[in-house]
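Here's the structure, in structure tokens; my notes come after.
Every number in this text was worked out from the coordinates using simple rules, so none of it is lab data. Every value quoted in this text rests on a predicted model; they were computed, and no experiment measured them.
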Amino acid sequence: MSAHNSATRPTAIAVGGLQDESTGHTTRRPAPRTGHRTGHRAAGAPGAAHRLTRSGTVLALLGVTAFSLTFPGTAWGLESFGPWSLVALRSVLAALTAGAFLLARRVPPPGREQWAGLAVVAAGVVVGFPLLTTLALRTSTTSHAAVVVGLLPLTTAAVSSLRTGARPPRRFWAAAVAGAAVVLGFTLAQSGGAPSAGDGFLFAALLVCAAGYTEGGRLARVMPGWQVVGWALVLCLPLGVAGSALGLAYEPVHLGAHGLLGLVWVAVGSTFLGLYAWYRGMAEIGPARASQLQLAQPLLTLFWSVVLLGEHLAPAAPAAACAVLVCITVTQRVK
């Protein structure tokens, strides 16, 4: 699972037709007349609408698949780099990729009033979540981490409701508490009755990433979501460069094919390209449908942990992951 994947609230993503995907500027346009392209596509060209839905579904699935490979990629990266070096280098490569993309699309910088929110996104999604999960994966398996971080959509929804003052119904909170209880029970069973240090890192990662997603969802109402992540990455470039220099100076490096591939994947594949595909797909098929596709992410990570890393799944891992998915589905169906 990725810091960037988990789900913002459906109302938080504003990448619809009134927003220019290349610049992020929002303009007011009159309602389309009969025969206008927008209205024609909706009413008179069902084939075009079907193709749009199909392409959006493919893009969203590509994003989910990219996110599901984040933990295996991190585990590979740790074969060559220390945790601090890996996170810093990941941030630098992702920031350079995002900066080049923003420059190529000629996206203007955000307004001054948006940089504080971008700093929160950067602290939670770009720095906090990758660092804490990387530290956790030194001692935890990717399958174990996938189950714990599978709780991220519920954590994000809870933090968002507290941040915005929303009051979800009791059924929402009952499902959220049930999901948390499942994950807590799983971690206690796997660690012999007491949470391990890796579990502490994972639970902290849930909180900081949920805060970053909540703030990112607020910013996504005024600019496309991929630009939110792109500018947050660029904001962290100086910190990433300094962290890379320090990390490489004090942590051993053992270059290998797995380590380099893992670094490139978590930097470019998961952190930027995955988010770009995810947000573009969400814009085409809608947040509700896209969020249903994301429910498969923990199970995909369990699959990759077996295929790519050769891990042996504990019987409780798939069961706990499925139970968490049920709880998430209940919260998404609450009106």
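Under 5 Å from the amide H of R221 lie the amide H atoms of A14, each residue being 5 or more positions distant or on a separate chain, with H modelled from the backbone and absent for Pro and chain starts. Given axes a ≥ b ≥ c from the Cα gyration tensor, I'd like to know whether the range 173-281 is rounded (a/c under 1.5), prolate (a/b larger than b/c) or oblate. Here the range 173-281 falls in the oblate category. A Cα-only calculation for the range 136-217 places Rg and Dmax at 13.4, 39 Å.
With the Cα gyration tensor of the range 207-258 giving a ≥ b ≥ c as the square roots of its eigenvalues, does the rule (a/c under 1.5 for rounded; else a/b larger than b/c for prolate; else oblate) give rounded, prolate or oblate? In terms of gyration-tensor shape, prolate. For the range 46-184, the gyration tensor built on C-alpha atoms gives a rounded shape. Its axis ratio a/c (a ≥ b ≥ c) stays under 1.5.
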